[in-house]
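Here's the structure we're looking at; comments come further down.
The values are calculated or read from the model by the stated rules, or taken from the named source; none is laboratory data. Because the structure is a prediction, the values reported are computed rather than measured. Using ideal geometry, Cβ is built from the backbone for each residue, glycine included, and neighbour counts are taken over all protein chains shown. Note: areas computed on protein heavy atoms with side chains; ligands, DNA, RNA excluded. Shrake-Rupley method; radii C 1.70, N 1.55, O 1.52, S 1.80 Å.
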Amino acid sequence: MLKVGLTGGIGAGKSEVSRLLVGRGAVLIDADRIAREVVAPGTPGLAAVVEAFGPDVLTADGSLDRPKLGAIVFADPERLAVLNSIVHPLVGARSRELESAAAADAVVVHDVPLLAENGLAPLYDVVIVVDTAPETQLDRLVRLRGMTEEDARARMAAQATREKRLEIADIVVDNDVPLDALERRVEEVWGDLVRRAQRSGSN
């Protein structure tokens, strides 16, 4: 099994790269999706979040009000640390569970937005960073996700710098390119990952 960490700044196009890798045979473990699952209604994770932040972070139907919680934690690093201390262990446990269910010769891609921020690179055999210029990120967040420029800049500033992400990269995927060029690059990367998996399997 080859354990791959995939990361990139918000708006870099990481989801598109993970989709292309899955199309070629990768097993995807999506930390964001798991982070939503572990605080779904009725879970111990949601109960812990409510205990820490109060019932105001719930919507009328009892689910987590993500925009309201996001507004609280993105403005306060200490509150963000509290949230992370609840969610990250739950996400880690579920990720390990899913990884252990994958085939022995699988290329398992962990989509981890905060891989650089949380010093997680040593957990993976290979780290792939999806890289774009900050101007591209800002444009995508405002134009495609409907964020205000102020909100987009705040989200970007809360993440690791571009330089810090590139420092931990074994493979860089440039996503300041048209989709067909991105697809060609992902095809190259997939070939590299398969070769690495075969080598690790024969050791």
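Could you report region 47-128's accessible area per residue, 1.4 Å probe, as an integer in Å²?
Ligands and nucleic acids excluded, the result is 53 Å² per residue.
Need one number for region 30-120: average projected area of the convex hull over its C-alpha atoms, nm².
6.5 nm²
Please report, as a whole percent, how much of the solvent-accessible surface of the chain comes from carbon and sulfur atoms (probe radius 1.4 Å).
53 percent
Tell me which of Gly146, Ser100, Leu58 sits at the most positive position along the dipole axis of the chain, charges placed on C-beta atoms (Lys, Arg +1; Asp, Glu -1).
Ser100
Under a point-charge model restricted to the Cβ atoms of Lys and Arg (+1) and Asp and Glu (-1), what is the dipole moment magnitude of region 34-110 relative to its Cα centre, in debye to the nearest 20?
Result for region 34-110 is approximately 60 debye, rounded to the nearest 20.
For Leu80, project a label point 7 Å along Cα to C-beta. Then give me every residue of region 21-43 with its amide nitrogen under 17 Å of that point.
Residues 32 qualify, since their backbone N sits under 17 Å from the label point.
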